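Notes follow once the structure below has been shown.
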Amino acid sequence: MSLENCESLFALIDCNNFYVSCERLYNPALLYKPVVVLSNNDGCIIARSNEAKKLGIKMGVSYFQIRDFLKKNKVAVISSNYEIYEDISKRFINIIKSKICFVEAYSIDEAFIELKGIFKKRSFEFCKGLKEDIYRLIGIPVSIGIGRTKTLAKVANKIAKKNKDLNGIFDITGREEEILKTFDVEDIWRIGKSKANCLKGMGITNALNLSKIDNSLAQKTLGINGLTTVFELRGIKCINLQEKKPIQKEIIVSRSFGHDIGNYKELKEGVSHFSAIAAKNMRNLNLYTKTLSVFITSNPFKDGFYTNQAEINFDFYTRDTFLILQAAEKCLNKIFKENIKYKKAGVILRNLTNCVCLGNLFTNLEIENKHNLMKAIDLLNKKIKKDAVFFAAEGVNKLWQAKKEYTSNYNASEIILI
DNA sequence: TCTGGGGTCCTAGGACCC
DNA sequence: TCTGGGGTCCTAGGACCC
């Protein structure tokens, strides 16, 4: 076998303007029109249709700054609806898994695959078929980049997206030098703004320059991950396909409030609500926690910024919302200060495990009963409606809730695509 | 008036110990 | 009078990703 045959081949499948594409499934009137999707709290732009990109709307811009511009240009504005996006994302991954074994669900709208054997021999045809299948089955357009390493597949994907003539698929293999020469160092996967600035200061402006950098210089300026990137650009595989998702290290639920909160009661209700969501998410992932922390912050854009956090360790691993609510309240009491307008709060669960770790002989029965209660609550909320059952500590009015003015009224169960 | 949320990893620096 | 140095652990904060 020649050395060439031993080389790996990866593809990155990336959904085009994913959130916008999802919204278009529910509302075809949005097709061919400029559309943007807003972050939680309608804070900033997190997805744009191609038409919106053409208008020069940038990613991450705060909504209030360009509201008038959007209106003038008749851009459709939509609040994000993550339930729907997650549902479509699962379908997207399932289609890929039905066609090939080696799949890594990398993010909500991206998957890496490793092409081996017959798939490698017919890589382009296979990817073309996959792209067509995804569109036929769930109506989401994707772009696919192919390369010898994940980093090169990422580069190829950007090229596929940018260049219309390629019809959404590009294989960089054999053309690395020519392409990397035109590829801005800032656009390389895992090279962020600050590293890019540092590199540009050294005269390294494109990906080809970076691939030729001295190893020890790369490590010194970019750290160990940067050196990995350099090798990957040279076509040397350092980052493997991660088919099995490792156990999550933390679960975070945090939100900015719709308005500043000055009183303890309202803040406590918010923190309790986030705790209940975090506990529910943890049970969904079949995990238990041993550490809970709460943080609160005032508005960082205003004077007298205050932020603080407190942490509590449980005596044993738990997934019991009652215990989590108690702990969250204790943490909040440690850090709450009067006369501050709070803008944001969050709850973090750490030290997660998937082992069933119960307490001692005397507490086991009680814990078992609580488990069953939690299961029942989760089931009711799933079957009847969200928040059909909730904890008194979360409050009834939820006055602090974030803004969401432009939500589409669809839910995931409404659409049947396959 | 309005400025996202969720996640991981690395590093620098302090505390502590021998 | 004189005040080392290396290891480990922890944490906060930065950088990066989507």
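Bear in mind that the values in this text are calculations on the coordinates, not laboratory data. What you are looking at is a predicted structure, and each value in this text was computed from that prediction instead of being measured. Counting neighbours? That spans all protein chains shown, and the Cβs are built from the backbone with ideal geometry, glycine included.
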Can you list the residues, at least 5 places off or on another chain, whose amide H is less than 5 Å from the amide H of A:CYS44, using H built in the peptide plane?
-> A:SER39, A:TYR63
Of A:ASN240, A:LEU210, A:THR229, which is farthest along the charge dipole of region A:146-271 in the positive direction, counting Lys and Arg as +1 and Asp and Glu as -1 at C-beta?
-> A:ASN240
Whether region A:119-267 is rounded, prolate or oblate, judged on the alpha carbon gyration tensor where a/c under 1.5 counts as rounded = oblate
Can you tell me the dipole magnitude for chain A around its Cα centre, using point charges on the Cβ only (Lys, Arg +1; Asp, Glu -1), in Debye to the nearest 20?
-> 560 debye
Going 7 Å from the Cα of A:SER107 in the Cα-to-Cβ direction, what parts of region A:48-78 have a backbone nitrogen less than 15 Å from that spot?
-> A:48, A:59-61
If you add up the charges near A:ILE100, with Lys and Arg at +1 and Asp and Glu at -1, over every other residue whose beta carbon is less than 14 angstrom from its beta carbon, what do you get?
-> +3
Just how many % of Cα pairs in region A:16-84 lie over 16 Å apart, if you round to the nearest whole percent?
-> 37 percent
Note down the relative contact order for chain A as a percent, whole number, built from C-alpha pairs under 8 angstrom at least six residues apart.
-> 16 percent
With only helices counted (DSSP H, runs n ≥ 4, each -39500 (n - 2.57)), the per-residue ellipticity at 222 nm for chain A, to the nearest 500, works out to -13000 deg cm²/dmol
Taking springs between alpha-carbon atoms closer than 10 angstrom, which of A:ASP68, A:ASP303, A:ASP171 fluctuates most in the Gaussian network model of chain A?
-> A:ASP303
Roughly how many debye, to the nearest 20, is the charge dipole of region A:16-84 about its Cα centre, given +1 on each Lys and Arg Cβ, -1 on each Asp and Glu Cβ, and no other charges?
-> 360 debye
Using alpha-carbon pairs under 8 Å, 6+ residues apart, how would you state the relative contact order of region A:16-84 in percent?
-> 35 percent
Across A:LYS330/A:LYS385; A:LYS330/A:LYS398; A:LYS128/A:LYS150; A:LYS150/A:LYS220; A:LYS162/A:LYS193, pairs whose alpha-carbon gap is larger than 25 Å | A:LYS330/A:LYS385
